[in-house]
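Student: Have a look at the structure that comes next, please.
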């Protein structure tokens, strides 16, 4: 309802309301200032918390990056160790092959030397057989004219295998 100009207002009541408003306005202003102050604190706290979270995340990122770097270094070290072990195995195999070749060469030289010695010994044995067979023939020729001896061997009766047996029998 609109107020008409004929309505009378109680001045005392009006003064009381104005005084009350004057008292309440500063309280409202203080509450507003308090809220603004708390708003700044809340914003400041939120910014501080965000900075703290950001620092924690950066630290975690650096930690994970370091872990990744350590993993990569460990993998590099493992690859290096595997490469070294392959080289060592290859060198050992080459060394073994060289030693086998040297052993084969030594065995071949030894066998050839033994063959020469056996050949020389066979030649000496052959000469001994020829000398003995010649002596036996000469003796048999002499005794044939004098008296026949039934068991005098001829050179053909002597084989190289028989020589050792005959020598042992003496």
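Student: Picking from 57, 137, 111, which residue would you name as being modelled with pLDDT under 85 and part of a helix (DSSP H, G or I)?
Tutor: Within the list 57, 137, 111, the selection yields 137.
Student: Out of 84, 38, 30, report the one residue that is assigned to a helix (DSSP H, G or I), surrounded by 10 or more Cβ atoms within 10 Å (Cβ to Cβ) and at pLDDT 85 or above.
Tutor: Of 84, 38, 30, the one residue that is assigned to a helix (DSSP H, G or I), surrounded by 10 or more Cβ atoms within 10 Å (Cβ to Cβ) and at pLDDT 85 or above is 84.
Student: Residues in the stretch 3-12: is at least one surrounded by 10 or more Cβ atoms within 10 Å (Cβ to Cβ) and without any contact (Cβ under 8 Å) to a residue 40 or more places away in the chain?
Tutor: No; the residues of the stretch 3-12 include none that is surrounded by 10 or more Cβ atoms within 10 Å (Cβ to Cβ) and without any contact (Cβ under 8 Å) to a residue 40 or more places away in the chain.
The values are calculated or read from the model by the stated rules, or taken from the named source; none is laboratory data. Because the structure is predicted, anything quoted here is derived from the model rather than measured. Note that we place each Cβ from the backbone using ideal geometry, even for glycine, and neighbour counts take in every protein chain shown.
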